[in-house]
Amino acid sequence: MPVHTLPSRQVGWQRRTMVARMMRWFGWLLGVLVTVQCWQIMNEDTIWEFVYDAPAQAGDLLGRMWPPRWSVLDKLWVPLWDTLNMATLGTGLGVVLGVPVAFLAARTTTPSVSIVRPIALLVIVASRSINSLIWALLLVTVMGPGVLAGIIAIALRSIGFIGKLLYEALEEVDGRQIEAITATGASGPQRIAYGFVPQIMPVFAGISVYRWDINIRESTVLGLVGAGGIGLQLNASVSRLAWPEVTVMFIAILCTVAVSEWVSAKVRAAII
Amino acid sequence: MLRIRGLTKTYRGGDRALDGVDLDVPRGQLMALIGPSGAGKSTLIRCVNRLVEPSAGTIAVDGAAVTGLGGGALRAARRRMGMIFQEYALVERLTVMENVLSGRLGYVGFWSSWLRRFPQKDVDAAFRLIERAGLGGMHDKRADQLSGGQRQRVGICRALIQDPALLLVDEPTASLDPKTSRQIMRLLVELCAERQLAAIVNIHDVALAQMFVQRIVGLRAGRIVFDGTPAELTTGMLTEIYGAEDWAATSAAGDDEDDATPQARAIAARLAEEAR
Amino acid sequence: MSAGVTGQRWRPPPLIVNPWLRWAIYGGGGLYLALALGTLQVNWGRVAEGLVRGWAFVAAFGNPDFSSRWGEISEGMIESLTMTVVATVVGVAISLPVGLGAARNLAPLPVYLVCRGIIAVSRSFPEIIVAILFVKMFGFGPLAGMVTLAFATIGFMAKLLAEDLEDIDEAQVEAVRAAGASWPQLMVYAVQPQVLPRFIGLSVYRLDINFRESAVIGIVGAGGIGATLNTSFDRYEFGTSAAILLLIIGIVMMAEYSSGIIRKRLQ
């Protein structure tokens, strides 16, 4: 009760009771302690001389990165094409694999709530927890470096993203439309085709384009672990300490990401 | 035609929506089902096509049992029962034609329905029905571009293209204005007469029901408490169905048409008739 | 019923009404697909070779090896977790003023432009590229990783906070202003109650993202479990890799579960 009687017999008001306030202070204290403790554990091995040196290092780096060596641009067109392909084909493969997973995971369409649904949800969580760079790392180890590893890495990461958003949409469809289709004597697949598919189509298109946009961004760096695309050139230039080339690549990546974001925003606006 | 015996439905949590309902509807009869909200009207018609699973009792259409069927046999039974919904329940993002043809889903295979390749005779039937329902030329409009009355006409076409023996109609006019409500009811009556269909119509608006149907069944708390012609539905019967209410007071208020509920209006109309 | 209706064909109307545009899009799509697949260079021999290794890896998930490299795994995990916590706290703390400054309805134009600039820079680059630069500046180790994650957190949180602030209900602000409140009082009484619950929810979500990212930036030397994972792949120790991946999945699942509870309680 925030209202209580003071000794002077006036009615006082405070936003929270004594106990609630104590709890809040305790919570804040705990948060601060945890953060400080984490900071200390994290920095056990930090060499502070390097850190104090950071502004000088940053200045040095900037000095070396400027002016950009534009001539390297000629070598970047093919990697950029590869980057685009990794994102697009990877998204396509991710859609092909992710859509069935979504239908198996949605409570409204799954064939079995007790067995199939948990498995589908596990696939989604596993795919979402692991960044596409780690998928790429794994695939490069398994099948060797190249664009194919990148495509599959992008696809594996996209399954979870598309699967999650789509199964949530499937669980929120208008049940009356489904009921009406059921009442006509439609079979299970027909109910999905006429009841569910038209309802989730706009969401599905939006999700796919959005994921494609994210995938462009991610595929620019997959080359760092050997999966093809512009990241491969970036890695080479960084290890050769060819900083003027790195600047050009940064600019190329930024432009690619900006263009893909613009395209994705336009397409999504057109769909809705 | 339709034969229901001892139909009982108990929902999880113990709500008894239907309690031993016996009901026969002969071929060609348009029957209105009235009763207060929660009386079990909606549950009753959904039990007939098994959208709701009955707890006990039997249902038979044309002598063939519907209860106990599963899988393909249940789907085949559902084809013979057209259903029309309160909020139309059209697939909003499909065209009028696709919505109407979806009534044929029980008859065609998955791939032909997925590719929208329906048999030409189905397409012919769909065009005829669309024309008959007064929607000529609208077949490629999307359902979400139609007005309420037009949507309900599409809903009626979808039910009729199933070539049903029985129509289950759930509050067809509850979302429509009074004029459109009458048009829709008239269309239903005409189509049922043309095709000699049996129909159960759940309806709130008692006056509208009396205007159009041959038989009225009153449901209260899951039991049938009235079964007779519209003329036999007296004030006393209405009290029996809807519970005690000062009907005279309602009738006085009933002059103010806009504020009155359809129920109140119906009852006011009855009283005025009896006073004459 | 007019007899003329019979026999009329029907096809569903196409998605794109203009036939020229429709065929241009289909043709363009087909051409792109052909070119993309045509220029795809795949060393099928190497891939076939990899299938055996791929199977070994899948099998390793059935029998993950937590023990033989447990020292490195636990060290990497602790680094990842501490990095995540510190980066989220620091990033969220800095994103508060930046987000306030980036809300057009609350900040003057010069402040607005500066803060929007910070957000744009932070959001433009993938974390791993930022990590390369910070490793260069701060040296190898989790501090560089922490700064990377904090930097990314600022852009993410500040942008969403600014959008929420721009969408607040002006009527409530008016009411408090009418009561004679000063700017700080306005913030506490009219603005903060409207945006705080979602902001806390997003912070918890960002904690989750930061943990996932912390597993990646180790690849370029910015500390955390990524380095251990990278090493295990290099040595073909798939049992260890599987163990690490399972740990990551488990922690992310736990984080999602608890953040779901936290967000539910806030509403």
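The values are calculated or read from the model by the stated rules, or taken from the named source; none is laboratory data. Remember, predicted model here, so these are calculated numbers, not experimental data. Methodologically, a virtual Cβ is constructed for each residue, glycine included, from the backbone with ideal geometry; neighbour enumeration extends over all protein chains shown. Keep in mind that these areas ignore ligands, DNA and RNA; they rest on the heavy atoms of the full protein, side chains included. Shrake-Rupley method; radii C 1.70, N 1.55, O 1.52, S 1.80 Å.
A few comments on the model shown:
- Within region A:166-204, the set of residues being basic (K, R) and more than 9 Å from every other protein chain (Cβ to nearest Cβ) is empty.
- Matching residues in region B:118-137 - criterion: being over 17 Å from B:L187 (Cα atoms) and modelled with pLDDT under 90: B:G137
- Residue match in region C:38-54 (condition: surrounded by 14 or more Cβ atoms within 10 Å (Cβ to Cβ), among the small types (G, A, S) and modelled with pLDDT under 85): yes
- Any hit, region C:66-75, residues being facing chain A (nearest Cβ under 9 Å), among the acidic types (D, E) and over 21 Å from the mean Cα position of the chain (by Cα): no
- Number of the exception - B:E131 against (1) within 14 Å of chain A (Cβ to nearest Cβ); (2) acidic (D, E); (3) in a helix (DSSP H, G or I): (1)
- Residues within region B:134-190 that are under 14 Å from the mean Cα position of the chain (by Cα), outside any loop (DSSP other than H, G, I, E, B) and of a type outside the set (S, T, N, Q), tallied: 18
- For region B:121-132, the count of residues that are under 19 Å from B:P172 (Cα atoms), touching a Ser or Thr at 6+ places or on another chain (Cβ under 6 Å) and not aliphatic (A, V, I, L, M) is zero.
- Filter pass, B:V225 being open to solvent by less than 70 Å² (accessible area, probe 1.4 Å), at pLDDT 90 or above and not in a helix (DSSP H, G or I): no
- In region C:236-250, residue farthest from C:L51 (Cα to Cα) [restricted to those that are touching a residue at least 60 places away in the same chain (Cβ under 8 Å) and open to solvent by 10 Å² or more (accessible area, probe 1.4 Å)]: C:L247
- Pair list, Cβ < 7 Å and 6+ apart or interchain, from region A:43-60 residues that are outside the structural domain of A:W243 (by TED's automatic domain parsing) to residues that are open to solvent by 60 Å² or more (accessible area, probe 1.4 Å): A:Q57/C:K136
- Test result for C:S74, open to solvent by less than 60 Å² (accessible area, probe 1.4 Å) and hydroxyl-bearing (S, T, Y): yes
- Residue count for region B:167-211, restricted to those that are over 20 Å from B:T229 (Cα atoms) and of a type in the set (A, V, I, L, M, F, W, C): 5
- Against the test of being facing another protein chain (nearest Cβ under 7 Å), within 15 Å of C:G223 (Cβ to Cβ) and open to solvent by 10 Å² or more (accessible area, probe 1.4 Å), the options C:F138, C:F134 yield a single qualifying residue, C:F138.
- When residues of region A:23-64 are limited to those that are within 27 Å of C:L81 (Cβ to Cβ) and among the charged types (D, E, K, R), the one nearest to the other protein chains (Cβ to nearest Cβ): A:D45
- Qualifying residue in region B:60-73 (condition: in contact (Cβ under 8 Å) with a residue 60 or more places away in the chain and under 20 Å from B:H204 (Cα atoms)): no
- Taking helices (runs of 4 or more DSSP H) as the structural unit, those lying wholly within region A:164-272 and holding at least 3 residues that are closer than 30 Å to B:M97 by Cα correspond to A:175-183, A:188-191, A:197-219, A:243-271.
- Filtering region A:48-69 to residues that are open to solvent by less than 30 Å² (accessible area, probe 1.4 Å) and not in a helix (DSSP H, G or I) leaves only A:P68.
- Some residue of region C:6-16 being open to solvent by 40 Å² or more (accessible area, probe 1.4 Å) and part of a helix (DSSP H, G or I): no
- Applying the condition of being at the interface with another protein chain (Cβ under 10 Å from one of its Cβ atoms) and open to solvent by 20 Å² or more (accessible area, probe 1.4 Å) to region C:217-234 and asking which residue is farthest from A:W39 (Cα to Cα) yields C:D234.
- Any chance A:G188 is over 24 Å from B:E53 (Cα atoms) and assigned by TED's automatic domain parsing to the domain that holds A:T91: no
- Test: B:L51 is buried (at least 16 other Cβ atoms within 10 Å of the Cβ) and more than 9 Å from chain A (Cβ to nearest Cβ): no
- Scanning region C:200-235 for residues that are touching a residue at least 12 places away in the same chain (Cβ under 8 Å) and of a type in the set (F, W, Y), we see that the one that is nearest to C:G145 (Cα to Cα) is C:F211.
- Taking helices (runs of 4 or more DSSP H) as the structural unit, those lying wholly within region C:100-197 and holding at least 1 residues that are hydrophobic (A, V, I, L, M, F, W, C) and under 30 Å from A:I251 (Cα atoms) correspond to C:109-124, C:127-138, C:142-166.
- Test result for C:V147, more than 10 Å from chain A (Cβ to nearest Cβ) and either surrounded by fewer than 20 Cβ atoms within 10 Å (Cβ to Cβ) or within 30 Å of A:G63 (Cβ to Cβ) (or both): no
- Options A:V125, A:V78; residue that is within 20 Å of C:L35 (Cβ to Cβ) and either polar (S, T, N, Q) or without any contact (Cβ under 8 Å) to a residue 60 or more places away in the chain (or both): A:V78
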